[in-house]
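Visitor: My questions all concern the structure below.
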Amino acid sequence: MTDASSNPTLLYAKLLGETAQIGWTELERFFLRRASLFGGDLDLMSVAEAVANNARSRLRNGFPLVWSNACRPQAETAADLAARDPELWAVVTSPWVCVQERA
């Protein structure tokens, strides 16, 4: 049996299966703990896979917007999300919750 963490394809599929829709009210506590990362226009599963693999250099080099502090939701982002309550998708890659708004 192959360990999912040693095969990115299996890990990607595992994370995809653990992805779910989440509302801002459920996500807010992770925002307050500064434990959420927003994927922006990037592939949410690729970001989650990189985080799960602890690939910080990959995040810095390949996904610079995700790993920077600018990617963590700011107070303005929180206020916007609370006001609009958009459709959000999230996957937990402890200690992070990777989140993306769906259009």
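The values are calculated or read from the model by the stated rules, or taken from the named source; none is laboratory data. Please read these numbers as outputs of a predicted model, since none were measured by experiment. Positions of Cβ are generated from backbone atoms using ideal geometry, with glycine treated the same way; all protein chains shown enter the neighbour counts.
Visitor: For segment 1-57, enumerate the residues that are among the hydroxyl-bearing types (Ser, Thr, Tyr), modelled with pLDDT under 85 and outside any helix (DSSP H, G or I). Before the answer, list the steps.
Guide: In the first step, residues of segment 1-57 are kept if they are among the hydroxyl-bearing types (Ser, Thr, Tyr); the result is 2, 5-6, 9, 12, 19, 25, 36, 46, 57.
Then keep just the ones that are modelled with pLDDT under 85; that gives 2, 5-6, 9, 36, 46, 57.
The answer is THR2, SER36.
Visitor: Hey, can you tell me all the residues within segment 23-51 that are surrounded by fewer than 17 Cβ atoms within 10 Å (Cβ to Cβ) and not hydroxyl-bearing (Ser, Thr, Tyr)? It would help to see each step written out before you state the result.
Guide: In the first step, residues of segment 23-51 are kept if they are surrounded by fewer than 17 Cβ atoms within 10 Å (Cβ to Cβ); the result is 23, 25-26, 28-29, 32-35, 40-41, 43.
GLY23, GLU26, GLU28, ARG29, LEU32, ARG33, ARG34, ALA35, GLY40, ASP41, ASP43, listed by residue number.
Visitor: For residues that are at pLDDT below 55 and of a type in the set (Gly, Ala, Ser), scanning just segment 58-103, find the one that is farthest from GLU26 (Cα to Cα).
Guide: Among them, the one singled out is GLY62.
Visitor: Since GLU28 meets every condition but one in (1) touching a Pro at 6+ places or on another chain (Cβ under 8 Å); (2) of a type in the set (Asp, Glu); (3) closer than 16 Å to LEU88 by Cα, which condition does it not meet?
Guide: Checking GLU28 against (1) touching a Pro at 6+ places or on another chain (Cβ under 8 Å); (2) of a type in the set (Asp, Glu); (3) closer than 16 Å to LEU88 by Cα, the one that fails is (1).
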